[in-house]
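Laboratory data are not the source of any read-out in this text; all were calculated from the coordinates shown. Because the structure is predicted, anything quoted here is derived from the model rather than measured. As a convention, Cβ positions derive from the backbone with ideal geometry for all residues, glycine included, and neighbour counts pool all protein chains shown.
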Amino acid sequence: MRVHVADHPLITHKITVLRDRTTPSPTFRALTEELVTLLAYEATRNVRVDVVTVETPVALAQGLAISSPRPLVVPILRAGLGMLEGMVKLVPTAEVGFLGMVRNEETLQPDIYAERLPDDLSNRQCFVLDPMLATGGSLIAAITYLFDRGAVDVTAVCLLGTPEGLAAVEKATQGREVTIVLGALDEKLNEFGYIVPGLGDAGDRLYGTV
Ligand code: PRP
Ligand code: URA
């Protein structure tokens with residue numbers, strides 16, 4: 001598993017504002033979108049491309065074009081939906097599929113309650129969007145689901161993660177092509193499965209359900 005933790009003052013600045021409990025939902029949503037666009041730059045570093053030739057007004061030029069099948073972007077509902085626009089801004093030709101997951105707050109086990117994905121993901125490169133990698137249970141379930149459908153490599157873009165969550169994802173996805181791109185790696189999980197210091201419940205903060 002490849003892990004990339006962002007190291008850029010602009011990203012840390014935006015995450016600091018997200019962490020602040022007084023930041024209102026409209027600002028939280030706007031910053032989430034901006035952060036994803038910045039993280040998507042790193043997340044797409046290994047996007048599959050073909051070498052192509054175009055004709056400029058002056059000469060022929062060799063360049064790159066995103067390969068077919070197109071990348072599949074999968075926001076994990078609900079909170080991952082807040083990351084979608086930021087991602088497709090950078091990769092507008094990507095296809096988008098949806099996975100609805102909710103974590104049982106007592107057992108911390110994830111449950112898939114909705115799915116709208118292409119049936120066959122053979123040979124697809126997938127980009128999962130979920131702001132929080134806490135215990136890792138939701139991300140493991142999402143990644144496993146995509147690999148079971150035929151995906152060949154999965155990159156997850158998360159705003160915050162924990163050492164415990166990363167270790168769990170690594171253990172569960174041994175031998176698979178998995179990359180995790182994080183805006184920040186936080187200190188730990190608390191006894192309620194929340195990221196510390198974290199930013200609270202990402203879905204609630206995005207959609208004002210507090
Ligand atoms: C949050 C978050 C992740 C999950 C992370 O979703 O968006 O999907 O928790 O926790 P885990 O790593 O311990 O599985 P939640 O279940 O609260 O649903 P929501 O997006 O609808 O708020
Ligand atoms: N889900 C969240 O939204 N926040 C956390 O800290 C953990 C899981």
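List the pair-distance distribution P(r) of the stretch 120-210, using every Cα-Cα distance, as the percent of pairs falling in each 10 Å bin from 0 up to the bin containing the longest distance, rounded to whole percents. It works out to 17, 47, 27, 8, 0, in whole percents. Beyond 21 Å, the tail of the calculated P(r) for the stretch 11-114 holds 53 percent of the Cα pairs.
Using only the alpha-carbon atoms, how far is helix 25-43 inclined from the longest principal axis of the chain? Give it as 0 to 90 degrees, nearest 10. On a 0 to 90 degree scale, this one is about 50.
Counting neighbouring Cβ atoms within 10 Å and putting the fewest first, the residues R21, R176, R116 line up as R21, R116, R176. Tell me the angle of helix 9-19 to the major Cα principal axis of the chain, expressed in degrees between 0 and 90 and rounded to the nearest ten. Helix 9-19 sits at roughly 40 degrees to that axis. Summarising the strand pairing of the chain, around 35 percent of its internal DSSP beta bridges are antiparallel. Taking other C-beta atoms within 10 angstrom as a stand-in for reagent exposure, D7, D153, D130 fall in the order D7, D153, D130, fewest first. Here the Kirkwood formula puts the hydrodynamic radius of the chain at 17.5 Å, using every distinct Cα pair. Anyone know which of D186, D111, D119 comes out most mobile in the 10 Å Cα GNM of the chain? The residue that fluctuates most here is D119. Among V178, V49, V74, which one moves the most in a GNM of the chain with springs linking Cα atoms closer than 10 Å? Taking springs between Cα atoms under 10 Å, the residue moving most is V49. In this Cβ point-charge picture (+1 for Lys and Arg, -1 for Asp and Glu), the chain has a dipole of about 260 debye about its Cα centre. Build a GNM of the chain with springs between Cα atoms under 10 Å apart, and of G82, G198, G150 the one that fluctuates most is G150.
Taking 0.36 nm per residue of separation and subtracting the Cα-Cα distance, full extension of the segment from V52 to Q174 would add 40.5 nm. Run a plain Debye calculation on the stretch 83-129 (Cα atoms as equal point scatterers, no solvent) and give log10 I(q)/I(0) at q = 0.22 Å⁻¹, rounded to two decimals, same order as the q list. Normalising to I(0) and taking log10 leaves -0.91.
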